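Novice: Just dropping this structure here.
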Amino acid sequence: MSTYRLDKLFAPRSIALVGASPREGSLGRTVLRNLQRAGFSGPIRLVNPRHREIDGTPCVARVADLPEAPDLVVIASPPASVPGVVKAAGEKNACAAIVITAGLGHGPGSLAEEARVAARAHGLRLVGPNCLGVMAPRAGLDASFAANPPLPGDLALISQSGAIAAGLVEWGAQRNVGFSAVVSLGDKADVDFGDCLDYFATDRHTRAILLYVESINAARKFMSAARAAARAKPVVVIKSGRHAQGAKAAATHTGALAGSDGVYDAAFRRAGLLRVFDLDELFAAAETLGRQKPFAGNRLAILTNGGGVGVLAVDRLIDRGGRLAELSPETMAALDAALPATWSKGNPVDIIGDADAGRYAASLEALLKDPENDAVLVLNVPTALASAPEAAQAVVETMRRDRAAGYRRKPVFAVWLGEHPDAARAFEQAGIPHYATEADAVQGFMHLVRYREAQDLLMQTPSSLPEDFAPDRAAGRAIVETVVAEGRTWLDPMEVSALMRAYRIPDAPVTLARTPEEAGEAARRFVENGGMVAVKILSPDIVHKSDIGGVALDLTSVEATRAAAQDILERARTMKPDARIAGVTVQPMVRKPKARELIAGIATDDTFGPVIVFGRGGTAVEVIGDKALALPPLDMNLAQTLIDRTRVSRVLRAYRDVPAADLEAVKLVLVKLSQLAADLPEVRELDINPFLADKDGVIAVDARVAVAPVTGRRAKAPHASFAVRPYPIEWERRLPLPDGREASVRPVRPEDEDLFLAFFKRVTDEDLRLRFFAPVRDFSHSFIARLTQIDYARAIAFVAIDPDSGEMMGAVRLHADANHESGEYAILLRSDLKGIGLGWRLMQLMIEWAQAEGLRHVEGQVLRENRTMLEMCRQLGFAITTDKDDPDLKVVRLDLEG
């Protein structure tokens, strides 16, 4: 349901408390007291059949007896009563309910499930059960049993744990940190993280959103909401259970590497969230992001009057992945002219312990002008030789002069050890982030760096998959369906090799030999050319071949191969008499002395679905633990980001006498695995280890693939198992036009930026005004990215392309609301192509998509003077009314139900 009726949860006009009690120490008494002390301006009705009144406030026996339908019902009654109360609240036309009561159980047949079903039947939104409650200071709402109310502020806290929520309220009060709302989700019977993210993303009173996560239920809903929220404002997340073991033993190296927390981390990265690891860091990140806008780059210049604290700051910076900036020759000259000869002559810029305000000002001015750094950290160690407050004031005045002169507004962070109150006041008034220690300041700097990286990941224009990659999906599907139909879990080596070929992943060829003689002949073409081969037992009943001596390596002749095959077959029949033995496989030994040994594969997470894994390969892969995870779908840029997060990425570059590995080939294999996961959801695990890469390309030396039937949500729709909905290739098509021409139509892709730029040059200013309701002259990257970077789970944009010229002819887009009930459309055609029927066909396609997505209606706004668009809408069945707020606008609406 997403944001449906959540406004009544966070800003109700009336409240009913079920289970109110006069007994001190009871839940009903505590919640009542909190409701009363919060200053709620509307009526608070009490429901308890045992009391006629509590503290002078009348009680009614049942929800049905309330004099009016309350916006919000707070339930603190015994567990057995909760489903009935929820049903009664729905029948009373209440909008939302908070179930604070615990002990309702979980799953089918539980009281919690009964309550959820009852709420759903009436469109009643449900928070909990088993939660602390909801607090919204601006609305005078404290429907919780927290010890103290939160201070009013602009941070929204969404916590799965009531204890953490209560603790953070106390923590915030001690540090003068306030909240726009605090939500304890409890068991998430209805309202969950996705709903709250959608609500607070558009809440004008919320500057940043804080999440405390223990688990996610609806992964795609969460990812879609998180990505939308992260585009609007900072979202900072902390997740507990980082070191918990996986719920099951993994059968492959890839599966073992894809631990639960690693998958969550990959999800948070993909959603553009900033992850932190303790409660102090949670608030520190929110405060830093609130005071300082993100900036490009990670190069930090450090200005200090104490060398030791400057070196500590450098250590902390390197530990956290930042870069110490170089000083340009011009900056070195300026500092030489302003500072005593004993200054450090490098970064950190140590201006010596007797540095006064003038020395700070001159040094900071030089660093602010230096293009070789992205931000400046100013440190001060108090001494008897100079005034710390005066130095702070010098920093503030220098910043003001710098901004007044029109220089790029470079971030400055301050640490005045000892936190002199006058210095702190000066920084506070100037809006300069200031910290107690150098470690805190570096952490704040890196929060901004990581947040900017996350935003860049959301807004980048990735390179497209090379056009010459066209997987043989039919062949891959035939292989997988055969194995599933036979009830097998693992593909045999022949099938694995065929699957690799279908997706054009280079691998060592595999030959099946049913007899020792066939094995010898299969080896001949390799060994007679100076190569070597490996022979392995082939049986669906023998997974771990080495355990029975089922592998022979480095065979150099036909005779040796024949003998090894004979020995392996005899040993297998002796040790596994019941095993089904198909023969042996013969495979050339791959010798690449300067190749890097990698691992790449697919694992399946119970929550987030398929995950792409990359890292250092080999037999000790789990021990080394050098890996990174990413949620598909991937493109070449996202594959590069995945690789860069591993240590092994450093040795992919050239070093000593070893040429650089073919990085493009490595990235392409990761993208191909992403495509395979999209095409073949039956693949549960795929493990390529070792996966060798050198200057000549890549090769899969050994691979294993596990499959399982597709059931549940994975079987309902294409890519249903993906947490991030991939590019909807099934909507690509040719549209015939009335004049005999055709348009090639497909969903928009992130790499379409150049296509749109060329398109806008062929649209008149008047047509742009009619589309955007204002003149448009700035076609910047960020402007175009908003048109090409869309979440396919919430929106679609179809671009029409001339199949002959490759030029864009027009586009239509539809963006569904957070509740996925209504969609708002927009359409624009190239000005010289109006009147050929293209707009009509694009509108029909957009409506078809809306119907397939289950939307109830489509609507849009059209300028009153745009008669052509209005007439087309009328012919398509849209109802047309005048916008109540603007008589120059018409609202067009098409109902899709019925």
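The values are calculated or read from the model by the stated rules, or taken from the named source; none is laboratory data. Quantities reported herein were computed from a predicted structural model and do not represent experimental measurements. FYI the Cβ positions are ideal-geometry reconstructions off the backbone, even for glycines, and counts take in every protein chain you see. Ligands, DNA and RNA are stripped out before the accessible areas are found, and what is left, the full protein with its side chains, is counted by its heavy atoms. Shrake-Rupley method; radii C 1.70, N 1.55, O 1.52, S 1.80 Å.
Novice: Considering only protein heavy atoms, what is the solvent-accessible area of M846 at a probe of 1.4 Å, reported in Å² to the nearest 10?
Specialist: 0 Å²
Novice: Which loop trypsin sites (Lys or Arg not before Pro) in the stretch 22-120, with loop taken from DSSP, have no more than 16 other Cβ atoms within 10 angstrom of their Cβ?
Specialist: R23, R50, R52, R62
Novice: Give a quick list of trypsin sites (Lys or Arg not before Pro) in the stretch 573-607 that DSSP marks as loop, anything other than H, G, I, E or B, with at most 14 other Cβ atoms within 10 Å.
Specialist: Here the trypsin sites (Lys or Arg not before Pro) that fit, given the DSSP loop and packing criteria, are R580, R591, K594.
Novice: Can you give the Rg/Rh ratio of the stretch 352-406, where Rg is from the C-alpha atoms and Rh is the Kirkwood radius?
Specialist: Result for the stretch 352-406 is an Rg/Rh of 0.98.
Novice: Separate question: S805 to A173: FRET efficiency via 1/(1 + (r/R0)^6), r the Cβ-Cβ distance, R0 60 Å, to the nearest 0.05?
Specialist: So, using R0 = 60 Å, E works out to roughly 0.40.
Novice: What is the P(r) of the stretch 563-639, as percent of Cα-Cα pairs per 5 Å bin from 0?
Specialist: 3, 11, 14, 13, 11, 12, 16, 12, 6, 2, 0
Novice: Could you tell me which residue out of A678, L132, W840 lies farthest along the dipole of the chain toward its positive end? Charges go on the beta carbon: Lys and Arg +1, Asp and Glu -1, centred on the Cα centre.
Specialist: Value computed over the given set: L132.
Novice: Something else: Could you give the spread of the C-alpha atoms of the stretch 747-898 along their three principal axes, from largest to smallest, in whole angstroms?
Specialist: 40, 33, 29
Novice: Could you sort 881-890, 156-165 so that the peptide with the highest average Cβ count within 10 Å comes first and the rest follow in order?
Specialist: In descending order of packing, they fall as 156-165, 881-890.
Novice: Continuing with the same structure: Highest first, please rank the peptides 479-487, 197-205 by the mean number of other Cβ atoms sitting within 10 Å of their residues.
Specialist: The peptides rank, most packed first, as 197-205, 479-487.
Novice: Where the centre of each part is set by its Cα atoms, how far does the stretch 278-336 sit from the stretch 22-49, in angstrom?
Specialist: 50 Å
Novice: Let me ask something else. Spin-label point model (7 Å from Cα, Cβ direction): what's the E330 to S240 distance in nm?
Specialist: The answer from the label model is 5.3 nm.
Novice: As a test, work out the antiparallel percent of DSSP beta bridges whose residues both lie in the stretch 1-139, rounded to the nearest 5.
Specialist: 10 percent
Novice: Once ligands and nucleic acids are excluded and a 1.4 Å probe is used, how much of F798 is accessible, expressed in Å² to the nearest 10?
Specialist: Roll a 1.4 Å probe over it and F798 shows about 0 Å².
Novice: Give me the percent of the accessible area of the chain that comes from carbon and sulfur atoms, probe 1.4 Å, all protein chains in place.
Specialist: 50 percent
Novice: Report the net charge of residues surrounding A163, where surrounding means a beta-carbon distance below 15 angstrom and charges are Lys +1, Arg +1, Asp -1, Glu -1.
Specialist: Here the charged neighbours net out to -3.
Novice: Starting from the residue with the highest accessible area, list R786, R841, R450 in decreasing order, probe 1.4 Å.
Specialist: So, going from the largest accessible area down, we get R786, R450, R841.
Novice: Let me know the volume per residue of the alpha-carbon convex hull for the stretch 348-462, in Å³.
Specialist: Enclosed volume per residue, from the Cα hull, is 116 Å³.
Novice: Over the stretch 1-69, average the accessible area per residue using a 1.4 Å probe and give it in Å², no decimals.
Specialist: Value returned for the stretch 1-69: 51 Å² of accessible area per residue.
Novice: Distance in nm between label sites at T882 and R741, each 7 Å beyond Cα in the beta-carbon direction?
Specialist: Calculated label separation equals 3.8 nm.
Novice: Restricting to bridges with both residues inside the chain, how much of the DSSP beta-bridge set is antiparallel, in percent to the nearest 5?
Specialist: 60 percent
Novice: Take every Cα pair under 8 Å in the stretch 806-898 that's 6+ residues apart, average their separations, divide by the length, and report that relative contact order as a whole percent.
Specialist: RCO, the stretch 806-898: 25 percent.
Novice: Considering only C-alpha atoms, what is the centroid distance from the stretch 579-601 to the stretch 633-660, in Å?
Specialist: 23 Å
Novice: While we're on this one: Estimate the FRET efficiency between F779 and E24 by the formula 1/(1 + (r/R0)^6), using the beta-carbon distance for r and 56 Å for R0, to the nearest 0.05.
Specialist: Efficiency computed from Cβ-Cβ geometry: 0.25.
Novice: For the stretch 628-787, count the residues as N, evaluate 2.2 N^0.38 Å, and divide the Cα radius of gyration by that value, please.
Specialist: Cα-based Rg divided by the globular estimate yields 1.41.
Novice: Relative contact order for the chain: what is it in percent, counting Cα pairs under 8 Å that are at least 6 residues apart?
Specialist: 7 percent
Novice: Can you give the calculated 222 nm mean residue ellipticity of the chain, where each DSSP H run of n ≥ 4 adds -39,500 (n - 2.57) and the sum is split over every residue, rounded to the nearest 500 deg cm²/dmol?
Specialist: One gets -11000 deg cm²/dmol as the mean residue ellipticity at 222 nm.
Novice: On to the next question. Say the cut-off is 20 Å between C-alpha atoms; which of K239/K293; K536/K627; K536/K695; K8/K87; K369/K410 go over it?
Specialist: K239/K293; K536/K627; K536/K695
Novice: Would you work out if the stretch 827-881 is rounded, prolate or oblate? Take a ≥ b ≥ c from the square roots of the eigenvalues of the alpha-carbon gyration tensor; rounded if a/c is under 1.5, else prolate when a/b is larger than b/c, oblate otherwise.
Specialist: It comes out oblate by the Cα gyration axes.
Novice: Which ³J(HN,Hα) values, rounded to whole Hz and listed in residue order, are derived for the stretch 142-150 from phi using the Karplus coefficients 6.51, -1.76 and 1.60 in 6.51 cos²θ - 1.76 cosθ + 1.60 with θ = phi - 60°, glycine and proline given as x?
Specialist: Karplus values, whole Hz, x for Gly and Pro: 9, 9, 8, 10, 5, 5, 9, x, x.
Novice: Right, another one. Only sites in a loop by DSSP and with at most 12 other Cβ atoms within 10 Å count here; which chymotrypsin sites (Phe, Trp or Tyr not before Pro) in the stretch 308-414 make the cut?
Specialist: Y407
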